[in-house]
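Undergrad: This structure is in structure tokens; I'll ask about it shortly.
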Amino acid sequence: MTSPDNAADAHAPVGESVEKVDGWGLVTGNARYTDDVPTENALAGHVLRSPHAHARIESIDTDTAEAIPGVRAVLTHEDVPAGRFTRTGFPYPAPAPFDERVLNETVRFVGEPVAAVAARTPEAAERAVDAIDVEYDVRKAVFDADAAMEPDAPTIHPDEYENEQDGADPERNVVCAARHEEGDLEAGFEEADAVVEREYETQVVQHLPLEVNTAIAWIDERERLTLRTTTQVSHICRDTIARAFDLNRTDVRVIKPRVGGGFGVRQDVLPVQFLAAALALETGEKVRLRNERSEDLHASQTRHAQDVTVKTGVRDDGTITAMHVDVTSNTGAYGCHGFAVLSNAAHEPMSLYPCENRLFTGRAVYTNVTPGGAMRGYGAVQGTFGIESHVDEVADAIGMDPVELRRHNLVQAGDESFEPEFSESKRRLESVGVGDCLDRVCDAVDWDDGPDEPDDERYQRGYGVALSMAKSGVPSSEFARAHVTLETDGTLTVRVGIGDTGQGSETVMAQIAAGVFGLDVDSVHVTADDTDATPWDNGAYASSTTYVSGNATEKAARDLAVQVRDLAAERFDVPADAIELVEGDLRLPSGESLSLGQFAEEAFIGEGGPKRRLTASGRHFTALSPKPFAAQLAVVDVDTETGEFEVVRLANAVDCGTAINPEGARGQVIGGAVMGLGQAVSEELSVDAEGVPEHRGLRDYEVIHAPDLPDLDVELVETHEPTGPFGAKSVGEVSVLGPAPAIANAVRDAVGVRIDDLPVTPAKVWAGMEGEP
Amino acid sequence: MDGNDGSAGTVSVRVNGEPVTLAAERGETLIESLRNAGHYEVKNGCDEGVCGSCNVLCDGELTRACLTPASRCDGADVTTVKGLLDDDNGLHALQEEFLEHGAAQCGFCIPGVLVAAYHLLQRTTDPSDAEIADALSGNVCRCTGYAQQIEAIRDAATRLDRAEPMEVER
Ligand code: FES
Ligand code: FES
């Protein structure tokens, strides 16, 4: 943590757009991802998946499959541990029901694994999968969350399970219920001059990291289970796999090579990881299991679909007197992240408008669709769509400009946020730049003077804004440790268990360590790829890495710097605090200087004292979670003759505290905004009446491509977060939140049509213009 | 998808100038044969011809290696992202600009994006942003939102244009 007296040593390369430490491999094709190693001797894994949305497996006959030449193992629910767990990637016990096994006897969505095969060749594995004979007792299925709570709905998890969440009613498919009230809601509505209520719906989308989920598992020469796999949480993956198979933690090793994106899907321990582990344990051989893209799209966790009802009381002067947000979250077949995503959906966006009387109610509900999970934004995408759309409706109800209404109610530094008690940030927000962010995007289009309206009858232009707030880690949960060693040539080795899946966290850790010593980034090597080589870290989720692991890295580096100064003070008989660490040198008060390398080498040789290897460790645990903020503004042109529309501009202003790597931060903002744009206008995974996915593969899943881009502007509105490493907060998630409501608000501004269910499509806009409900 | 080249299940190609014999006896796609030969820089992002991460040049044509039977490439000159490096393994201007602009996040799409960009710069030395975006229309990048990639390609084009005569097709 940067305390005021050492804040002065905050120097380059912190704050510089240095190239990524892993960049050379990425642009030359030399980077090695999970599957980029020879596996010709590995067994090929293949998975039999359920064709039914809800069925009990009556019998499985694997005899024919096992008799196929080359087949080494066929595993079914009868062959895997009986214990149940959650794949939810939090430290044990995660806030989610223990409601699944490696292979389940009852399958609960189309695409759920039924059996796993390992064979000498992929062809034999495929033939074996085809030869497995399963008799299913097909049950009634339900896909809609509201329908799933009806008395006549099938109960999806009738058997008791451990780690039941608050408010659960498994009989009615309710995984958990949440309620958080402050003030007196009814009194707040009484005080209001207008009360506005509306329901908003969000769709199912998928992370679609470009590298599909993959695992290679083997038993090493010390008889330990080793996985090389696409994960963003290597330590949690190790822990969860060890628990599932009842192994010592030390008998499991997880290697995280380069990983091709994550966005939350790899926060969970994935079916490919459990199944590859099970097959390796069964056969004693190396097993390679790689999803096809269509399997990844159909059967990997998704973003939870949510219905968000917002009811707001407002006075004529624009003061919000009460807000009630009610969320129903469809968690699909398993309760993965059911509670935390639900909770986050309302807490983050509601924090933007700290009114005295506020209530959040909600529930997560089982259905027979692919399980929801953690995805960039983590519930706040859904809640922000509802609330930020609704704020415009509220403004309209009292005839006020929507930006004015936001400014009137906006959260300020020193305010309380709306979040659970376990967060100390609840009581005080230190760095809050959201007002500046809003001003910047408004200035970009001259909002206050009335932005440009092209003189065109047919194409109507609309402007819409949305604000958002995210987090920097899960308060009172995240824990990171970092080890830093000063090598005898003056370079630093940082060992930290972060999960860089492309976002640049290894680079940020290198910058932080280098910044403490005044070194360049090339003099720092970050090792983060192996649970054998790194201390515990929760990994990459909840926008925690820069803040939590960054603080651990900064502390370790500062501790090491103290050791260096103390030893030098002894050796040269000068006061420790008079020694400067600059550009890889130790500068003494006399003006003499000595390179860090020479100093470290002499210390190790033992000149003037015992032999020393200079190494330090830092750890960070925090009950705080400082909030990054964003304002996003969309400019949309709508064709009034067809309902077709074009997003012509998306302006983004983001408060992430100090940007440790401005170009990297800009990349996070743009990447998030474009993912949010896809959520807003094109992406949707749907199932038919039987629960079968309606898309064949990536070709049917509409992501944003380069020619679809609007003009994108990004402003980093820097604030200083006093508890962050060098003043930093997070930046990975906040910009994915605003595009959907900003675009819906812009469409409303253009043609007076409120689209309250995502994605916003020309057909819905057209129907709205035609006056259809 | 049986190879119908009549040979004994192998295909002779040059990959980035080096003669290579690829196995193709089981009807492999070009990406399978290349990766089996150790060319892991050719990435498989979708297996269905829509993400562009498997892009290579075959005799100068932009080619989806996941859709192309290896048997159809006999005698071809194949360029992967590694073919952009110069003889001393120095980075191509495109690669340098991608680093400079933070245009590679996870990097998984990058071999395919760079090959598409390289192909564009073979045809035009001064592309507009719209032309660059168009050249990337067959690539999915889930991390960057493309903007820094477009900037990087534009700056690489400017640099190469200034540094005439442009390096010629290998
Ligand atoms: S892997 Fe070939 S286009 Fe996606
Ligand atoms: S950099 Fe990750 S997909 Fe493009």
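Undergrad: Once B and A are treated as a pair rather than alone, how much accessible area drops out, both sides summed, in Å² to 100, probe 1.4 Å?
TA: Rounded to the nearest hundred, the buried surface is 3900 Å².
Undergrad: Let me ask something else. What is the mean number of Cβ atoms from other protein chains located within 10 Å of the Cβ atom of each residue in peptide A:699-708, rounded to a whole number?
TA: 6
Undergrad: Mind checking Rg over Rh on chain B, alpha carbons, Kirkwood formula for Rh?
TA: Rg divided by Rh gives 0.98.
Undergrad: Sticking with this one: Mind putting a number on the dipole of region B:85-160 about its Cα centre? Charges go on the C-beta only, +1 for Lys and Arg and -1 for Asp and Glu, and I need it in Debye to the nearest 20.
TA: Computed about the Cα centre, the dipole is about 320 debye.
Undergrad: Hey, got the average number of other protein chain Cβ atoms within 10 angstrom for residues in B:47-56?
TA: The per-residue average across the peptide is 4.
Undergrad: Would you list A:ASP307, A:ASP61 from the most to the least accessible area, probe 1.4 Å? Could the numbers behind the result be given before it?
TA: Details: A:ASP307 35, A:ASP61 65 Å².
Output order, biggest surface exposure first: A:ASP61, A:ASP307.
Undergrad: Tell me the relative contact order for chain A as a rounded percent, counting alpha carbon contacts under 8 Å between residues six or more apart.
TA: 16
Undergrad: Further question on the same structure: In Å², and per residue, what accessible area does region A:136-263 have when probed at 1.4 Å with the other protein chains present?
TA: 44
Undergrad: In deg cm²/dmol and to the nearest 500, what is the mean residue ellipticity at 222 nm of chain A if only DSSP H runs of at least 4 residues count, each as -39500 (n - 2.57), divided by the residue total?
TA: -8000 deg cm²/dmol
Undergrad: Expressed in nm², what is the orientationally averaged projection area of the convex hull enclosing the Cα positions of region A:373-434?
TA: So the Cα hull casts an average projection of 5.4 nm².
Undergrad: If you don't mind, there's one more thing I want to ask. Per residue Cα convex hull volume for region A:269-391, in cubic angstrom? Spell out each step's value before the answer.
TA: On the way: hull volume 13.4 nm³, N = 123.
Convex hull volume per residue, Cα atoms: 109 Å³.
Undergrad: In addition: Dipole of the protein assembly as shown, Cα-centred, from +1 at each Lys and Arg C-beta and -1 at each Asp and Glu C-beta, to the nearest 20 debye?
TA: Using Cβ point charges on Lys, Arg, Asp and Glu, the protein assembly as shown gives about 2900 debye.
Undergrad: Just round it to a whole percent: the fraction of Cα-Cα distances in region A:546-622 exceeding 20 Å.
TA: Details: 1021 of 2926 pairs.
Roughly 35 percent, once rounded to a whole number.
Undergrad: Measure out, as a whole number of angstrom, how far apart the alpha-carbon centroids of region A:581-658 and region A:284-318 sit.
TA: Here the answer is 30 Å between Cα centres.
Undergrad: With an 8 Å cut-off on Cα pairs and a minimum separation of 6 or more residues, tell me the relative contact order of region B:85-160 in percent.
TA: Here the relative contact order equals 46 percent.
Undergrad: Among A:148-161, A:334-347, how do they line up from the highest to the lowest mean number of other beta-carbon atoms within 10 Å?
TA: The peptides rank, most packed first, as A:334-347, A:148-161.
Undergrad: Just to compare against my own numbers: the Cα pair-distance distribution for region B:10-82, 5 Å bins, whole % per bin, please.
TA: 4, 20, 33, 29, 12, 2
Undergrad: Compute the distance from the alpha-carbon center of region A:528-552 to that of region A:719-773, in whole Å.
TA: Distance between centres, Cα-based: 31 Å.
Undergrad: So, one more: Work out which residues of region A:207-229 lose at minimum 40 square angstrom of accessible surface when the other protein chains are put back, relative to the chain isolated, with a 1.4 angstrom probe, and list them by number.
TA: Buried by the other chains: A:LEU210.
Undergrad: For region B:10-82, with every protein chain kept in place, what is the accessible area per residue (1.4 Å probe, Å²)?
TA: About 37 Å² of surface per residue is accessible.
Undergrad: Which of the residue pairs A:LYS256/B:LYS43; A:LYS256/B:LYS82; A:LYS140/A:LYS764; A:LYS256/A:LYS627 have a Cα-Cα distance greater than 22 Å in the structure shown?
TA: Details: A:LYS256/B:LYS43 18 Å; A:LYS256/B:LYS82 24 Å; A:LYS140/A:LYS764 31 Å; A:LYS256/A:LYS627 29 Å.
Cα-Cα > 22 Å for A:LYS256/B:LYS82; A:LYS140/A:LYS764; A:LYS256/A:LYS627; rest within.
Undergrad: From Cα pairs below 8 angstrom and at least 6 apart in sequence, can you work out the relative contact order of region B:10-82, rounded to a whole percent?
TA: On the way: 151 pairs, mean separation 29.8, N = 73.
Relative contact order for region B:10-82 comes out at 41 percent.
Undergrad: Right, another one. Two decimals, Cα atoms only, Kirkwood Rh: what is Rg/Rh over chain A?
TA: On the way: Rg = 27.0 Å, Rh = 27.3 Å.
Computed over Cα atoms, the ratio is 0.99.
Undergrad: Which order do peptides B:13-26, A:662-675 fall in by mean Cβ count within 10 Å, highest first?
TA: A:662-675, B:13-26
Undergrad: Here's another thing I want to ask about it. Using every alpha carbon pair in region A:390-526, what percent of pairs falls into each 10 Å bin from 0 up to the bin containing the largest distance?
TA: 9, 23, 22, 21, 15, 7, 1, 0
Undergrad: Under a 5 Å amide H to amide H cut-off, with H placed in plane at 1.01 Å, what residues pair with A:ASP713 once short-range neighbours are removed?
TA: Long-range HN contacts for A:ASP713: A:LEU650, A:ALA651, A:ASN652.
Undergrad: Next question, about the same structure. For region B:85-160, taking Cα atoms only, what is the radius of gyration to one decimal and the Dmax to the nearest whole Å?
TA: Computed over the Cα atoms of region B:85-160, radius of gyration and Dmax are 11.3, 33 Å.
Undergrad: How far is the Cα center of region A:56-126 from the Cα center of region B:31-98, in Å?
TA: Using only Cα atoms to place each centre, the spacing works out to 36 Å.
Undergrad: Taking a probe of 1.4 Å, how large is the accessible area per residue of region B:85-160, in Å²?
TA: Accessible area per residue, region B:85-160: 31 Å².
Undergrad: Please report the carbon-and-sulfur percent of the accessible area for the protein assembly as shown; probe 1.4 Å, protein heavy atoms only, DNA, RNA and ligands left out.
TA: Answer for the protein assembly as shown is 43 percent, counting heavy atoms of protein chains only.
Undergrad: How shielded is B:73-82 by partner chains, expressed as the average number of their Cβ atoms within 10 Å of its Cβ atoms?
TA: Values: counts 0, 0, 0, 0, 0, 0, 0, 1, 4, 3.
The mean count of partner-chain Cβ atoms within 10 Å per residue comes to 1.
Undergrad: A follow-up question, please. When DSSP assigns beta bridges and you keep just the ones with both residues in region B:10-82, what percent turn out antiparallel, to the nearest 5?
TA: Expressed as a percentage, antiparallel bridges in region B:10-82 total about 85.
The values are calculated or read from the model by the stated rules, or taken from the named source; none is laboratory data. None of these values were measured; they are calculated from a predicted model. Counting neighbours? That spans all protein chains shown, and the Cβs are built from the backbone with ideal geometry, glycine included. These area figures cover heavy atoms from the full protein model, side chains too; ligands, DNA and RNA do not enter into them. Shrake-Rupley method; radii C 1.70, N 1.55, O 1.52, S 1.80 Å.
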